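Structure first, then comments.
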Amino acid sequence: MCGIVGYTGPREAYPIIIKGLQRLEYRGYDSTGVALLNHGLHVFKKKGKVAELAETLVGENLHAHIGIGHTRWATHGEPSDRNAHPHTSASGKLAMIHNGIIENYAQLKQELIKKGYTFKSDTDTEVLLNFIEDIRKNNQCNLEEALRIALKRVTGAYVILLIDEDDPETIIAARKGSPLVIGIGKGEHFLGSDASPMLEYTKEVVYVNDYELAIVKPDQLILKNLGNEKITPFVQKLDIELAAIEKGGYDHFMLKEINEQADTVFDCLRGRLDAEKGTITMAGVENNIEKLTKANRIIIIACGTSWHAGLVAEYIFEELCRTPVEVEYASEFRYRNPVVHPGDVIFAISQSGETADTLVAIEKAKQQGAFIFGVVNVVGSSIARTSHAGAYTHAGPEIGVASTKAFTAQLAVLTMVALKIAKQKGTIDEERYMHLLQELHDIPAKIAEVLKSSEKIKLLAEKYKDARDFLYLGRGYNFPVALEGALKLKEISYIHAEGYPAAEMKHGPIALVDESLPVVFVATKDKYHEKVVSNMQEIKARKGRVISVVTEGDDHSASLSESIMPVPAADEIVAPMLSVIPLQLLAYYIGVMKGYDVDKPRNLAKSVTVE
Ligand code: F6R
């Protein structure tokens with residue numbers, strides 16, 4: 001969380017930084033700040049979104065060829081002007097921005113207070129900055145050396161960018177546990193939490209690794225490790241186009257991303273699935289087929305929406321591959337003392353590839369000898385790089401904070417992986433295998449069909465937007481979809497919603513049901529369908545307002561429902577890729593109708609790089 005941008009070169013730095021911060025706002029947006037070097041250090045910062053800061057700076061002299069900028073998701077210290085980054089050191093000569101958490105900041109702060117330092121903010125960042133300045137003063141060393149010494153004392157996660165009034169061409173950066181990309185231009189360099197701030201200027205980037213320091217000047221990039229040894233930067237070519245990170249005529253990124261799903265799932269299947277020939281090509285699976293087929297156990301690790309995709313995958317893997325599966329919240333797994341054996345395979349699912357809990361959970365499993373297979377969207381991200389093997393979801397940049405297209409692409413990848421393992425293990429017969437390949441192949445066209453119902457779902461949003469609570473119910477493959485529907489509604493409309501296995505509602509949640517409670521059933525036709533219909537009856541008998549996602553033509557379910565959201569018929573294994581879409585749209589429209597900024601829901605950030 002928190003977005004960071006830096007620039008050094010011949011162009012005006014401020015417009016590049018502000019535009020870059022706007023692109024990174026998905027990472028946090030409770031305060032914004034910029035520091036520029038031009039005959040001295042100039043810092044502008046404020047509580048609120050990037051546009052609010054930009055507005056207050058109209059008419060200011062912002063001329064500079066070097067600068068750093070930050071959009072914050074608060075960890076230490078409430079969102080406020082004084083806690084906004086950049087922070088300046090006691091001497092006023094250094095400015096720093098930081099993404100992450102310095103865990104031992106309290107101890108460092110005490111040491112500095114004893115030496116007479118005072119603090120202008122409540123942040124861990126200001127502590128680290130003064131700690132660096134203090135080392136520089138006491139050791140009579142340069143800033144780079146002081147930073148290196150400081151980082152050896154620091155525990156926690158960070159990406160920091162540091163500028164010094166006395167060195168007006170250089171940005172010093174360091175990374176551990178949070179992402180940092182450096183874009184290489186002609187006589188200029190760009191820095192960012194991801195590549196989006198630099199896309200229109202360069203396609204050549206370097207992903208900085210943990211425990212690396214970068215000394216960045218307009219025409220020079222030096223990478224070093226904490227032992228002061230030089231590292232040759234590995235330059236990679238980006239294959240993202242600018243259009244992919246713009247709204248393209250939609251009101252919100254979330255709506256754009258929901259509507260992209262026919263294409264993103266198609267892109268995910270393209271070049272991999274050949275339904276006619278009956279083949280799935282995935283190098284990450286083929287090169288490790290022995291490990292995957294012989295797995296004693298599969299453990300799926302993820303958070304949030306990716307965890308919901310993991311729950312669907314649990315059902316798929318067990319059904320098709322007959323391998324025992326456990327699905328774990330990364331944040332719980334990492335702090336337990338989990339039993340992991342060398343024969344276990346971990347599937348780590350993550351859109352961003354940077355989620356701190358997932359990353360640490362992977363490391364923990366790796367240390368115990370597990371094989372890590374990453375299912376990740378962002379190419380070159382930390383989880384992608386730390387996994388032994390994997391498959392990208394190819395959904396393109398997801399910018400809306402509420403995850404949508406990443407979920408359907410994750411399901412597409414996980415289904416293909418399961419089918420490949422099942423085929424190799426012989427746990428699926430040829431007829432079912434060929435049938436499921438065809439069903440997968442047909443999904444993008446069916447998603448396009450579901451998306452046509454957008455206007456009808458908007459009407460339903462109008463009808464239900466004032467409800468105080470929602471219940472989401474489903475069985476089997478549709479149970480995780482119910483969880484995901486409830487999460488989407490909570491996140492962007494701030495309506496309390498709970499997802500439950502439909503049969504479980506009798507054990508408690510049914511007490512909530514009265515004539516004011518909308519109960520959304522994910523009730524597409526599958527082997528549990530009759531049971532779900534009985535659950536609908538039970539809700540209806542208690543005067544609950546039944547809204548159902550149903551298979552087209554299912555008149556019986558429709559007759560039990562106050563409102564329906566039909567989707568095309570599909571095999572139950574692939575149906576979640578369809579049944580989730582009306583729920584994404586319902587949440588989106590309710591959020592918009594309530595007047596909320598659905599792309600930037602309160603308190604949230606897209607990439608959760610703190611624990
Ligand atoms: C929900 C959402 C979050 C993420 C979660 C994991 O809409 O976006 O719940 O799914 O933070 O993020 P990734 O997939 O990037 O690891």
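A few notes on this one:
- Among helices (runs of 4 or more DSSP H) entirely within the range 39-153, having at least 2 residues that are in contact with a His (Cβ under 9 Å, 6 or more places away or on another chain) and closer than 24 Å to Ile17 by Cβ singles out 124-139.
- Selection from the range 306-328 of residues that are within 16 Å of the ligand (Cβ to nearest atom), surrounded by fewer than 24 Cβ atoms within 10 Å (Cβ to Cβ) and under 19 Å from Tyr472 (Cβ atoms): Trp307, Leu311, Val327
- Criterion applied to Ala174, Ala90, Ala146 was being modelled with pLDDT of 95 or more and in contact with a Lys or Arg (Cβ under 7 Å, 6 or more places away or on another chain), and the one residue passing it is Ala146.
- Selection within the range 287-305 - under 27 Å from the mean Cα position of the chain (by Cα) and either farther than 26 Å from Val481 by Cβ or within 14 Å of the ligand (Cβ to nearest atom) (or both): Asn288, Ile300, Ile301, Ala302, Cys303, Gly304, Thr305
- All positions within the range 331-357 that are among the aromatic types (Phe, Trp, Tyr), touching a strand residue (DSSP E or B) at 6+ places or on another chain (Cβ under 9 Å) and more than 13 Å from the ligand (Cβ to nearest atom): Phe333
- Filter result for Phe470 (within 29 Å of Ile510 (Cβ to Cβ), surrounded by 17 or more Cβ atoms within 10 Å (Cβ to Cβ) and either outside the structural domain of Val533 (by TED's automatic domain parsing) or touching a residue at least 60 places away in the same chain (Cβ under 8 Å) (or both)): no
- Those residues of the range 82-103 which are over 27 Å from the mean Cα position of the chain (by Cα) and either farther than 19 Å from Ala146 by Cα or outside the structural domain of Glu52 (by TED's automatic domain parsing) (or both), in sequence order: Arg82
- So Val360, is it within 13 Å of the ligand (Cβ to nearest atom), modelled with pLDDT under 95 and of a type outside the set (Lys, Arg): yes
- Yes/no for Gly591 being small (Gly, Ala, Ser), under 27 Å from Arg468 (Cβ atoms), within 16 Å of the ligand (Cβ to nearest atom) and surrounded by 21 or more Cβ atoms within 10 Å (Cβ to Cβ): yes
- Filter result for Val345 (among the aliphatic types (A, V, I, L, M), surrounded by fewer than 24 Cβ atoms within 10 Å (Cβ to Cβ) and out of contact with any Ser or Thr (no Cβ under 7 Å at 6 or more places or on another chain)): no
- If the condition is being acidic (Asp, Glu) and either touching a Leu at 6+ places or on another chain (Cβ under 9 Å) or touching a residue at least 24 places away in the same chain (Cβ under 8 Å) (or both), then the range 240-253 contributes Glu241, Asp251.
- Residue within the range 431-443 that is in the same structural domain as Asp267 (by TED's automatic domain parsing), surrounded by fewer than 16 Cβ atoms within 10 Å (Cβ to Cβ) and of a type in the set (A, V, I, L, M) present: yes
The values are calculated or read from the model by the stated rules, or taken from the named source; none is laboratory data. Remember, predicted model here, so these are calculated numbers, not experimental data. Counting neighbours? That spans all protein chains shown, and the Cβs are built from the backbone with ideal geometry, glycine included.
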